[in-house]
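J.: Before anything else, here's the structure in question.
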Amino acid sequence: AEGLMDTAIADYLDEDDVGMAADSRANKELKDFPSLEVVSCAGVRTKDEFEALKSLDAEGTGVIDTTEGANYLLTFLTGWGAEVAMRAIAEEVYWAQEDAQSVVDYDEDRGYAWYSILNYTVAETRCREFYQEKLIWRTAIGKDEKDFTYNRVYWNNTEVSEEDQYCILGFLVVVAVDATVCHMEITPATSVSNPTAAWLTQTGLENEMPWTDLGLDGAGQVVAVSDTGIDRDNCYFWDSVSDVGPNHRKIVSYNAYADDSDEEWGHGTHTSCTIAGKRATNGIQESSGAADGIAPKSRISFLDIGTASGSLTTPSDNELLSTGRPEAKIHSASWGAHSINYYSSQAKNFDTFLYDNDDFL
């Protein structure tokens with residue numbers, strides 16, 4: 001088996017094919033790409049193999065992100081060659097066995113499809129460029145040869161062809177049946193989602209905001225918020241001319257009930273921005289920002305209930321809900337006692353306040 005594998009590795013990746021097109025990726029953000037975590041089993045490398053891998057870590061960070069390291073792993077994980085990969089698929093994966101129907105009620109075409117994918121991606125060299133140009137590797141090599149090796153493989157899917165889709169499927173299958181891999185998990189690309197709040201609450205269709213288009217943008221409205229605080233120097237609330245009060249750009253009042261900041265926790269700044277944030281980088285002139293709120297022209301009357309330790313302390317329910325009244329018709333309270341699963345006295349007090357103030361939500 002070792003001889004077959006060595007031959008397959010040598011045939012699959014020529015020594016001249018080590019370029020990873022690093023220059024073409026220099027300006028790309030890895031967070032924008034989907035990724036796969038591949039954990040190589042503890043003890044699968046010899047001491048010499050571990051030292052060879054470690055030698056690629058010139059800066060001693062424990063993480064390899066060089067073209068050489070990427071190609072080392074590409075060879076290690078996808079350099080099986082047709083014979084070894086096909087044998088593994090046939091023996092290890094039930095839906096590729098000839099007797100798949102006896103294992104589970106799947107159509108025979110399922111096994112055939114995977115054989116076809118592997119013929120396309122492994123048995124031939126069509127995907128070599130894809131693996132070298134569009135897979136980006138970051139590897140934590142572990143402390144010694146007995147340790148696990150954690151690989152994060154990013155797929156540059158800026159432009160995806162039909163051939164690329166076959167290549168990524170083949171890559172996933174080969175990694176999945178590699179006996180030296182103990183774990184693999186696909187993780188989606190992550191990004192902040194606050195910019196979607198405005199259109200989600202209006203239509204659910206990306207960037208379609210008919211209420212805003214008609215001028216319903218919160219102008220002239222005050223929203224009361226009780227939370228951990230507001231960072232008043234944040235560009236979505238900053239006013240370089242007026243202090244907090246009736247003339248302030250975004251905050252008409254600030255009741256420092258618990259303290260007078262949000263530097264440690266930031267929750268209140270986030271929730272207030274989701275409601276009414278509007279960017280003004282110089283504190284005067286407003287411009288569109290990625291985190292503009294649902295009602296960007298509204299303003300905030302704020303009750304600070306967040307302590308420095310991260311806990312919350314609240315005044316009486318009537319005082320809390322009276323924040324910003326009578327101008328404030330809406331109160332946002334993104335907090336609660338999650339351990340209570342019954343109709344509490346506070347819930348009763350909130351309902352009574354709503355009943356007595358039919359202009360309030």
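The values are calculated or read from the model by the stated rules, or taken from the named source; none is laboratory data. Only a predicted model underlies this, so the values are computations on that prediction, with no experimental measurement involved. Here the Cβ is made from the backbone with ideal geometry for all residues, glycine too, and neighbour counts use every protein chain on show. Accessible surface areas use protein heavy atoms only, side chains included; no ligands, DNA or RNA. Shrake-Rupley method; radii C 1.70, N 1.55, O 1.52, S 1.80 Å.
J.: Rank-order 153-163, 198-208, 320-330 by packing density, defined as the average count of other C-beta atoms within 10 Å over each peptide's residues, highest first.
T.: Packing order, densest peptide first, comes out as 320-330, 153-163, 198-208.
J.: Going 7 Å from the Cα of I186 along its beta-carbon direction, which residues of segment 136-174 have the amide nitrogen within less than 13 Å of the resulting point?
T.: Correct set: 155, 165-174.
J.: For the pair Y150/R325, report the inter-label distance in nm, with labels modelled 7 Å from Cα in the Cβ direction.
T.: It is 5.1 nm.
J.: When you count, for each residue, the other Cβ atoms within 10 Å and take the mean per peptide, how do 333-345, 250-262 rank with the highest first?
T.: Descending mean neighbour count gives 250-262, 333-345.
J.: Which distance in nm do the two modelled labels at A219 and W335 give, with both placed 7 Å along the Cα-to-Cβ direction?
T.: Placing both labels 7 Å beyond Cα along the Cβ direction yields 3.4 nm.
J.: Let me ask you something else. For the pair R126 and E49, what calculated FRET efficiency results from E = 1/(1 + (r/R0)^6), where r is the Cβ-Cβ distance and R0 = 45 Å, to the nearest 0.05?
T.: Once the sixth-power term is evaluated, E becomes 0.95.
J.: Hey, what do the phi angles of segment 308-325 turn into as Karplus ³J(HN,Hα) couplings, whole Hz, using 6.51/-1.76/1.60 and θ = phi - 60°, x for Gly and Pro?
T.: 5, 7, x, 7, 10, 9, 10, x, 4, 4, 5, 5, 4, 6, 7, 4, x, 6
J.: Report in % the part of the accessible area of segment 198-264 that belongs to carbon and sulfur, leaving out ligands and nucleic acids; probe 1.4 Å.
T.: Its accessible area is 47 percent carbon and sulfur atoms.
J.: Related question: Return the FRET efficiency for the residue pair A58, N157: r is the Cβ-Cβ distance, R0 is 41 Å, and the value is rounded to the nearest 0.05.
T.: Result of the calculation: an efficiency of 0.90.
J.: What FRET efficiency do you get for A42 and D356 if R0 is 45 Å and r is their Cβ-Cβ distance, rounded to the nearest 0.05?
T.: E between A42 and D356, to the nearest 0.05, is 0.10.
J.: Run the reach check for K250 against lysines, Cα to Cα strictly under 20 Å, same-chain hits fewer than 8 apart removed. What comes back?
T.: Output for K250: K278, K297, K329.
J.: How long is the gain from Q202 to Q346 if the chain were fully straight, where each residue apart is worth 0.36 nm and the alpha carbon distance is subtracted?
T.: Gain in length upon complete extension: 48.8 nm.
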